[in-house]
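Below: one structure, written as structure tokens.
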Amino acid sequence: MSAVQLPGAPELHYRGDSLHVEEVALADLARQHGTPLFVYSRASMLAALAAYQRGFAGRKARIFYALKANSSLAILQVFARAGCGFDIVSGGELERVLAAGGRGSDIIFSGVGKTPGEMHRALDIGIHCFNVESEAELEVLSEVAVQAGTRAPVSLRVNPDVNPLTHPYISTGLKGSKFGIAHKNALRAYQRAASLPGLRVIGIDCHIGSQITHVGPYLDALDRMLDLVTAIEAAGIPIAHIDLGGGLGIVYNEEQPPPADALWQRLLARLDARGFGDRQLMIEPGRSLVGNAGVCVTEVLYVKPGEQKNFCVVDAAMNDLPRPAMYEAYHQIVPVRQTTLAPVVYDVVGPVCESGDWLGRDRKLAARSGDLLAVLSAGAYCMSMASNYNTRGRAAEVLVDGAQVHLIRKREDVAEMLRSELLLP
Ligand code: LLP
């Protein structure tokens, strides 16, 4: 039996021929909880976090987990208990953080379209910082804060115009992007912010993109940000913290992203060299904390030889794992039980009525109806982007901790999907 390479997932391994997450066999979990089933390793998440913590040892730095990557409450609990703050982008995410035991002072609020209602709520709970993305937002936030009798702590998200060398849909720091305030307008925006009665300027931030596998774009963004900090402070506006966003990539296939501690060694050296080494640092990682900690277990429904291609139809689909359909993203797919059957080349597809509903193309697999497969690197931007398309309930989720298994989300049933709909009279 050939050894299968399992990318970037230290807690995923075959014991004999059976795929395990930590101490638990995925086949047992599928039997007990059904499929499709997301399975996460707590140890993997904490190991990913530890790499950042090592990188920041001895520095004033705080990690704000970007929960858009995976916002399930138990996942948030893992990070809250490990001392993380949270980067939110909606009022819904704010309530999730509170429900998981986070506090207002642990939260920073990013996003281009915050509503006055969301701003009110965030001020009410005393959030740590708003990452403001436009001059228009500055005005509204100031008004909301004045009404509430307070001053909103703000950082401006600057668009440093560097190319993160990643997929265009997840590049956010280029000139043509809807995100952030253009680098050339940033000083003016800071001066406006400092003059508004409802605002208190505390920092600066950027986020240049996601699934970044090179150090260069981060160094370029940092240089551009430090130039601005110098100019803003020369104008008499102190910048207490520098937030470099998230974006560090993970291994899906053959990528070789720098480990978080190595990345930060380089960035800290640059900060030191430019005399900013003692600044309060903040980051907003999402994918790199959870992506390789999760797999999605799915059952083969049918094997279907086609005229040009062979299809392996599984019970997980684009509503559960939207990344292949949205970004042509690659996720490795491996058998939950290795066999000696001869492999065949398949497109692995789901039951949704769309040609775009594929999970993997041209994959060599030995698969029969009833077999289980695991879609790897499924911890980030899978469950949090899942939908009910084709009225398919969202999958169940379990968190593995050593030999312990916690069900953290029940499978969504039809009654739940229909609950908020109303029939005509
Ligand atoms: N901060 C901000 C302001 C962001 O917009 C994002 C992600 C993050 C932090 C976290 O980035 P990360 O460390 O996870 O790369 N759905 C896409 C990814 C979208 C990323 C959106 N913003 C995917 O599945 O590849």
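The values are calculated or read from the model by the stated rules, or taken from the named source; none is laboratory data. Since the structure is predicted, the reported quantities are computational estimates derived from the model, not experimental observations. Methodologically, a virtual Cβ is constructed for each residue, glycine included, from the backbone with ideal geometry; neighbour enumeration extends over all protein chains shown.
Tabulated data
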{"quantity": "Contacts under 6 angstrom Cβ, first residue in segment 239-257 being touching a residue at least 24 places away in the same chain (Cβ under 8 Å), partner among the basic types (Lys, Arg) and more than 14 Å from the ligand (Cβ to nearest atom), 6 or more apart", "calculated": "Ile242/Arg279"}
{"quantity": "Elements of type strands (runs of 3 or more DSSP E) contained in segment 1-95, each with 3 or more residues being more than 24 Å from Gly370 (Cα to Cα) and of a type outside the set (D, E, K, R)", "calculated": "61-66, 85-88"}
{"quantity": "Residue selected from segment 386-413 under the condition within 10 Å of Val39 (Cα to Cα) and within 20 Å of the chain's Cα centre (by Cα), by the criterion surrounded by the fewest Cβ atoms within 10 Å (Cβ to Cβ)", "calculated": "Ile408"}
{"quantity": "Test for Gly83: is it over 27 Å from Gly402 (Cα atoms) and surrounded by fewer than 21 Cβ atoms within 10 Å (Cβ to Cβ)", "calculated": "no"}
{"quantity": "Residue in segment 217-237 that is nearest to the chain's Cα centre (by Cα), counting only those that are closer than 14 Å to Leu187 by Cβ and not aliphatic (A, V, I, L, M)", "calculated": "Arg224"}
{"quantity": "Sole residue being surrounded by 23 or more Cβ atoms within 10 Å (Cβ to Cβ), polar (S, T, N, Q) and touching a Lys or Arg at 6+ places or on another chain (Cβ under 8 Å), chosen from Ser110, Ser41", "calculated": "Ser110"}
{"quantity": "Residues of segment 317-339 classified as among the polar types (S, T, N, Q) and within 15 Å of the ligand (Cβ to nearest atom), total", "calculated": "1"}
{"quantity": "Residue count for segment 93-125, restricted to those that are within 16 Å of the ligand (Cβ to nearest atom), over 16 Å from the mean Cα position of the chain (by Cα) and of a type outside the set (A, V, I, L, M, F, W, C)", "calculated": "4"}
{"quantity": "All positions within segment 311-329 that are surrounded by fewer than 23 Cβ atoms within 10 Å (Cβ to Cβ) and either in contact (Cβ under 8 Å) with a residue 12 or more places away in the chain or more than 24 Å from the chain's Cα centre (by Cα) (or both)", "calculated": "Phe311, Val313, Asp315, Pro322, Arg323, Pro324, Ala325, Met326, Tyr327, Ala329"}
{"quantity": "In segment 356-385, residue farthest from the ligand (Cβ to nearest atom) [restricted to those that are buried (at least 22 other Cβ atoms within 10 Å of the Cβ) and assigned to a loop (DSSP other than H, G, I, E, B)]", "calculated": "Ala367"}
{"quantity": "Residue within segment 222-235 that is in contact (Cβ under 8 Å) with a residue 12 or more places away in the chain, touching an Asp or Glu at 6+ places or on another chain (Cβ under 7 Å), assigned by TED's automatic domain parsing to the domain that holds Ala182 and not in a helix (DSSP H, G or I) present", "calculated": "no"}
{"quantity": "Test for Tyr218: is it hydroxyl-bearing (Ser, Thr, Tyr), more than 16 Å from the ligand (Cβ to nearest atom), touching a strand residue (DSSP E or B) at 6+ places or on another chain (Cβ under 8 Å) and modelled with pLDDT of 95 or more", "calculated": "no"}
{"quantity": "One residue from Ile208, Ile202 being crowded, with 22+ Cβ neighbours inside 10 Å and not hydroxyl-bearing (Ser, Thr, Tyr)", "calculated": "Ile208"}
{"quantity": "Subset of segment 200-215 (residues that are in contact (Cβ under 8 Å) with a residue 60 or more places away in the chain and away from the ligand (no atom under 16 Å from the Cβ))", "calculated": "Ile202"}
{"quantity": "Identity of the residue in segment 228-250, β-branched (Val, Ile, Thr) and in contact with a Phe, Trp or Tyr (Cβ under 8 Å, 6 or more places away or on another chain), that ends up nearest to the ligand (Cβ to nearest atom)", "calculated": "Ile242"}
{"quantity": "Sole residue being touching a residue at least 40 places away in the same chain (Cβ under 8 Å), of a type outside the set (D, E, K, R) and farther than 25 Å from His13 by Cβ, chosen from Gln280, Gln332", "calculated": "Gln280"}
{"quantity": "All positions within segment 260-316 that are assigned by TED's automatic domain parsing to the domain that holds His214, more than 16 Å from the ligand (Cβ to nearest atom) and outside any helix (DSSP H, G or I)", "calculated": "Arg274, Gly275, Phe276, Gly277, Asp278, Arg279, Gln280"}
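Results for (1) more than 12 Å from the ligand (Cβ to nearest atom); (2) at pLDDT 95 or above; (3) β-branched (Val, Ile, Thr), shown as yes or no for each residue.
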| residue | (1), (2), (3) |
| --- | --- |
| Leu156 | yes, yes, no |
| Pro160 | yes, no, no |
| Tyr169 | no, no, no |
| Ser177 | no, no, no |
| Ala186 | yes, yes, no |
| Gly198 | yes, yes, no |
| Leu226 | yes, yes, no |
| Pro257 | no, yes, no |
